[in-house]
Amino acid sequence: MADMKMPGWTDGKWKVPRWKFDGNPALIINHMQVGIVGTGEFSGAPHEQEAKSIKDGDIIGYQKKLMKAFREKKLPVIFISVVPNPVGVLPKWGFIFEMNAAKAPAGHLNNPRVDEVTQVVPELGRKPSEPLLYHTGSCPFTGSHLDDVLRHHGVKDLVLAGFTAHSTIYNSVVQATNLGYSVVVPREATGAPERDKDCAEIVLNKMIRMWGLVTTVDDVIAHL
């Protein structure tokens, strides 16, 4: 096998390469919704840890910085929320599903409680003109028409932000690349509860780098 010259190929010490967007990217903000980062009622992690992680890392501040830059360039900003228990039947195993079965409201948006917990937290300042799409399952393209919206805008490259890094963002990267999108993850615009920070670091430093580009918020903005 030919020697690979890609930084990190042999030693795992990945570096951000020279890169550029192919056309106009879209900013996707995942799961910054009332029932997860707002109340934490069906997130599967201790909410006090989630709230502390979001505050200490200024995750919302970094997301708002990205949103401002995308808005100024008139690039798509799209929010995705998960409907936690749409049909009242969930997989038997996995603590997220256990939490959802025990605490999350069942049904779709015709249930007012589901509608409430899937709204974007007001701190982000979502504009009415910015789509809020709803997915089921564990990945943002499932049942949401996100792929249709992106292809309508001619988008090939995605910038993914949201909570959490090791579940929502990782699942999103894998599903997006399966559909042929190129993905950038600005690491300050995501995070994880204290309990799961080791998982988040492995995902950001190792696993996502197999499928996409991990860089900083400022680097993303510089490439718009």
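What follows draws every value from the coordinates through simple rules; no lab data is involved. Keep in mind that what you see is a predicted model, and the values were worked out from it rather than measured. So basically every Cβ, Gly included, is an ideal-geometry build from the backbone, and we count neighbours across all protein chains shown.
For this structure, a couple of remarks:
- Taking the C-alpha atoms of the chain, convex hull volume expressed per residue in Å³: 135 Å³
- Virtual spin-label span in nm between ARG71 and SER182, 7 Å along Cα→Cβ: 2.8 nm
- The share of C-alpha pairs in region 56-163 whose separation exceeds 16 Å stands at 64 percent.
- Computed from Cα positions, the angle between helix 59-72 and the longest principal axis of the chain comes to roughly 70 degrees.
- Partners for LYS206 among lysines (Cα-Cα distance below 27 Å; same-chain residues under 8 apart left out): LYS5, LYS13, LYS15, LYS20, LYS52, LYS55, LYS64, LYS65, LYS156, LYS197
- Karplus (6.51, -1.76, 1.60) ³J(HN,Hα), θ = phi - 60°, over region 116-130, in Hz, Gly and Pro reported as x: 5, 7, 9, 6, 5, 4, x, 4, 6, x, 4, 7, x, 7, 8
- For HIS135, distant residues with modelled amide H under 5 Å away: SER81, VAL82, VAL83
- Taking label positions 7 Å along the Cα-Cβ direction at both VAL149 and HIS108, the computed distance is 1.6 nm, reported to one decimal.
- In the chain, helices alone account for a calculated mean residue ellipticity at 222 nm of -8000 deg cm²/dmol, with every DSSP H run of four or more residues adding -39,500 (n - 2.57).
- At an R0 of 22 angstrom, the distance between the Cβ atoms of TRP93 and ALA51 translates into a FRET efficiency of 0.20.
- Normalised by the number of residues in the chain, the average gap of Cα pairs under 8 Å and 6 or more apart makes the relative contact order 26 percent.
- For VAL174, VAL185, the sequence from fewest to most other C-beta atoms within 10 Å is VAL174, VAL185.
- Of all DSSP beta bridges confined to the chain, the antiparallel ones make up roughly 5%.
- Computed from the Cβ-Cβ distance with R0 of 22 Å, the FRET efficiency linking LYS127 to ASP218 stands at 0.45.
- Sorting ASP147, ASP11, ASP56, ASP157 by the number of Cβ atoms found within 10 Å of their own Cβ, with the fewest placed first, yields ASP11, ASP56, ASP147, ASP157.
- For PRO122, net neighbour charge (Lys/Arg +1, Asp/Glu -1) across residues whose Cβ lies under 14 Å away: 0
- Fewest neighbouring Cβ atoms within 10 Å first, the residues ARG209, ARG195, ARG187 line up as ARG195, ARG209, ARG187.
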